[in-house]
Amino acid sequence: MSRGRNRSREQEVKRQKIILCMIIMIILVGLVGGIFLSVASKEKKNHSSNKKTVENKGEFYEIDDTSEDNSFIDQDSSQEESTEELTSQQENDTQKSFEQSLFIGDSRVEGFKLQSGIKGGTFYTVVGLNLKDIDTNAFVKENGEKKTVLAAMKNKQFQEIYLNFGLNELGWVYEDKFIEQYDAFIKQVKEIQPEATIYLQSIIYVTKKESESDSIFTNERIRLYNDKIKELAQKEQVKYIDLNETLAPEGELKETATIDGIHLVKEYYEKWLQVLNQVN
Amino acid sequence: MQFNKIKKLMSILLCITMIFVVVGCSKEEKKETAVTKEQIDSFVSQSIESDGFKDELAFVDEEKALDQYGITKEEIESITAYLGTGASAEELVCIKTKDTDKIKSLMTQHLEEQKKNFESYLPDEVPKIESALVEVKGDYVIVCVADKIDTIKKLQSDNL
């Protein structure tokens, strides 16, 4: 009997030793595993793929003050040569101050805002902006509110106002109706902003391909509208800026100047800015 | 009896060890969702250079970018924005902020406005806006409207 008891005790002790060893092994495995995971994670953090850093491509230069001039002007053709020499914003030495300037226009002016490198300026621009609903289209965001262009303009006095209409109105049946509405708009702007110098910018041509493939966006129609805009500027005694003298001197945009036949590439938005830099 | 005490002690030690292992693993998982500036820069530059966009996007300075989205400087830590020529609704923007919920909400609102703007102007852009990438990764809100959004989404999951 005692031998039997001894044997069972020995077996019990042996069994308990085995259980103890298994518990110790599990603890060790758990510790080693935790350490391994920690090290592997740190290695993954330290190892990173190609790092091309994003560069800031907007650089700005000295700012010149300009004086106001209410006389009717055309773009000086000699300025075309000087702007043609500029290949990018980064090669320009000076930039006119646009801090007190307001720009109103469509998707092209939106592209100008984003890609020309212009410093400062207030922009009331939206894709598809059209004179037909200028009084009701509340797209200008100010202090959490949305306002029409004319309502937003009442909050601040600007020194210069650059208007750019006509592209989205090329499809109007009567171009004189466009001029009538543009004239009414200019009068309203003058009433709200009596001290501002107003500039009417020409409609920039489209490419030959776009002009030949579209019944509305044709260079012939753009030419007609620009002639009428120029006459309107004279009538209202505001300034006219012929952008095409620099951007499309041959009467059509080069294919390389645009992304889709209508909207400019960055280089040409920068050239547009250079034109405005030269305007007095 | 003594052996029983040892067994109890080992069981407690085992439990403690397992707890440490589980907590350690979960902490490592949390660290892995944090995104660095280098990762964002890499994602952005690869995206811009990919064929994901039809438009030519250009870098826009902070002032213009904040104005574009109606965000104040105080609401963010940094913004990297690439915007188009006016020919499309395409854009890529990464905003670092402590309040990712608010910025994500503002950007979602921006996309809704873009959809309205392009519906009558260039309706072909609307599907791009509807399938836009809007993600929060760590402290970054990432928004992208692209011609090939799957390309950009793949670059995002590869880099971030």
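Give the long-range amide H neighbours of A:Phe103: residues separated by 5 or more places, or on another chain, with amide H under 5 Å away, using H modelled in the peptide plane at 1.01 Å from N.
A:Thr122, A:Phe123, A:Tyr124, A:Tyr162
Can you compute the modelled spin-label distance between B:Val22 and A:Glu191, with each label point 7 Å from Cα toward Cβ, in nm?
Each label point lies 7 Å from its Cα, and together they span 7.4 nm.
Give the residue list of trypsin sites (Lys or Arg not before Pro) in the stretch A:120-211 that are DSSP loop and have at most 15 other beta-carbon atoms within 10 angstrom. If you can, show how the numbers build up before the last one.
Numbers: sites: A:Lys132, A:Lys141, A:Lys146, A:Lys147, A:Lys154, A:Lys156, A:Lys177, A:Lys187, A:Lys190, A:Lys208, A:Lys209; in loops: A:Lys154, A:Lys156.
Answer by residue number: A:Lys154, A:Lys156.
The stretch B:124-150 to the stretch A:230-280: how many Å between their Cα centroids?
Measuring centre to centre over Cα atoms gives 33 Å.
All other residues with a Cβ under 11 Å from the Cβ of A:Val265 taken together, and with Lys, Arg as +1 and Asp, Glu as -1, what is their net charge?
Working: positive: A:Lys254, A:Lys266, A:Lys271; negative: A:Glu255, A:Asp260, A:Glu267, A:Glu270, B:Asp55, B:Glu56.
Summing Lys/Arg as +1 and Asp/Glu as -1 gives -3.
Residues of the stretch B:62-81 with the amide nitrogen closer than 19 Å to a label point 7 Å from the Cα of B:Lys37, along Cα-to-Cβ, please.
Correct set: B:62-66, B:73-81.
I need the shape label for the stretch B:34-159. Rule: rounded when a/c is under 1.5, else prolate if a/b > b/c, else oblate, with a, b, c from the alpha carbon gyration tensor.
Numbers: a/c = 1.61, a/b = 1.19, b/c = 1.35.
Oblate is the answer for the stretch B:34-159, as a/c is 1.5 or above yet b/c matches or exceeds a/b.
With respect to the cross-link table entries B:Lys54/B:Lys96; A:Lys96/B:Lys153; A:Lys119/A:Lys147; A:Lys146/B:Lys37, which display a Cα-Cα separation exceeding 30 Å?
Going by Cα-Cα distance, A:Lys96/B:Lys153; A:Lys146/B:Lys37 fall outside the 30 Å limit.
Threshold 50 Å², probe 1.4 Å: give the residues of the stretch B:68-106, in number order, that are less accessible with all protein chains present than with their chain alone.
So the qualifying set is B:Gln68, B:Thr85.
For the pair A:Arg223/A:Leu37, report the inter-label distance in nm, with labels modelled 7 Å from Cα in the Cβ direction.
Roughly 7.6 nm, to one decimal.
What distance in nm separates the two pseudo spin-label positions at A:Gln100 and B:Leu13, each 7 Å out from Cα along the beta-carbon direction?
Output for this residue pair reads 8.2 nm.
The values are calculated or read from the model by the stated rules, or taken from the named source; none is laboratory data. What you see is a predicted model, and the numbers here were worked out from it, not measured in a lab. In this analysis, Cβ positions are derived from the backbone assuming ideal geometry, glycine residues included, and neighbour counts consider all displayed protein chains. Just the protein is used for accessible areas: all its heavy atoms, side chains included, with ligands, DNA and RNA removed. Shrake-Rupley method; radii C 1.70, N 1.55, O 1.52, S 1.80 Å.
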